[in-house]
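Visitor: Dropping a structure here in structure tokens format, bear with me for questions.
The values are calculated or read from the model by the stated rules, or taken from the named source; none is laboratory data. On a predicted model such as this, the values are computed, not experimentally measured, just so you know. When we count neighbours, we look across all protein chains shown, and the Cβ atoms used for this are built from the backbone with ideal geometry, even at glycine. Areas reflect the complete protein model, heavy atoms only, side chains present, ligands, DNA and RNA absent. Shrake-Rupley method; radii C 1.70, N 1.55, O 1.52, S 1.80 Å.
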Amino acid sequence: MACNSCSTGKDGQPKGCKNNGTCGTDSCNKLTVFDWLANMSLPNGQDPFLGVEVRFKNGRKQYYKNTENLTLSIGDIVATQAKSGHDVGMVTLTGELVRVQMKRKKVDIEDKENVLKIYRKASQKDIDIWSAARDKEEPMKVKARQFAIDLNLKMKISDIEFQGDGSKATYYYTAEERVDFRELIKVFAREFRTRIEMRQVGFRQEAARLGGIGSCGRELCCSTWLTDFRSVSTSAARYQQLSLNPLKLAGQCGKLKCCLNYELDSYLDALKAFPKKEKKLQTEKGTAVCQKTDIFKGLMWYAYEGEWMNWHIISTEQANEIIELNKKGEKIASLEEYAAEHIEDTKVEFENVVGQDSLTRFDNPKRNKRRKNNKNRNRNNKRRNRNPNNNAKKS
């Protein structure tokens, strides 16, 4: 849901508000929450909730207490309390939904150590200092990466975030092993003349902060709406019968894609009706082994031992029925009597129901008209040569 600034210009090019993720209407931001209680008034005698959700760079959110009873709305720039100095962020949620969010994340509003307070709405001076600090982040990141390379540290500095008053810079980095960056902090303090805080993040958190486009063509889930990162294992791909190709299963963070867990529960429920693949079917013709399953259609493919090229299709109900008979010591004659019911005609016929052209119009090559005309001329010349009497009459 975007604002009017995202419309196109006269030449068809997108305009945009040029705020790079800090849109004033809070409609183009990461992890935006729709306030569906905004148009509802509180019951008589109930005080508004003092908690406020404030967003900082790259989707980092914290909860603050509005002790000054300021009139705040979504999109306001506020100066908030920090451990030293103050920070500047943007209000993303107010009212009763903040109470729900804090309860879901188990944050107590009376916890003075974790829930700080809002000082005031940011003045123009605060915004100018904040903007100047944000402009320093990119050139500082380039220098910081070079310093880490010079010191032979196995770490990657992915992002830098300045505090709103410009007094502290937080360096976010990723590393597979423990890194001794004490010498690096000394170099940073001597070069950048500011307080330094190093914070290690995981590879998924790094992708969430930087953002990007996934293989599905949409923005990354972790940078738009996903907040809890659950572990993903290769068994999720096995249950969904996906090929264990790390290039296709890994996301931009290098880990398994989070979307492998989205439909896993549905697959597990569907697989409850399927017998185990290791279970063999005993028939009078021979022993059948499962080769393939189709979870959506509820079908299974079996092949006799020694006849691996001939597959027979049966349903899960039929497979379970044969297994129950085998447990009783009984055998069926063969799988062919069950598989005959599932033989389908794979020929697909297309109908022109909306006035479209034929789907096979490009299959037959077009004849060249010039060749056709040349053939006709040659035929006429041959006929004339065969009948010299006609030529004499014309003369």
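Visitor: What accessible area per residue, rounded to a whole number of Å², is obtained for region 87-132 using a probe radius of 1.4 Å?
Guide: Using a 1.4 Å probe on heavy atoms only, each residue of region 87-132 averages 62 Å².
Visitor: Quick check for you: with a 1.4 Å probe and neighbouring chains kept, what is the accessible area per residue of region 171-274, in Å²?
Guide: With the other protein chains kept in place, region 171-274 gives 66 Å² per residue.
Visitor: Can I ask one more? What is the distance in Å between the Cα centroid of region 132-205 and that of region 296-334?
Guide: Taking the Cα centre of each part, region 132-205 and region 296-334 sit 62 Å apart.
Visitor: Put Thr194, Thr32, Thr80 in order of accessible area, largest first, 1.4 Å probe: what do you get?
Guide: Thr32, Thr194, Thr80
Visitor: I've got another one for you. What is the spin-label model distance, in nm, from Arg178 to Leu151 if the labels are put 7 Å beyond Cα along the C-beta direction?
Guide: 1.7 nm
Visitor: Among 106-112, 81-87, how do they line up by average Cβ neighbours within 10 Å per residue, starting with the highest?
Guide: 81-87, 106-112
Visitor: Would you mind computing, in nm to one decimal, how far apart the modelled labels at Lys112 and Ser41 are, each placed 7 Å from Cα along Cα→Cβ?
Guide: Placing both labels 7 Å beyond Cα along the Cβ direction yields 3.6 nm.
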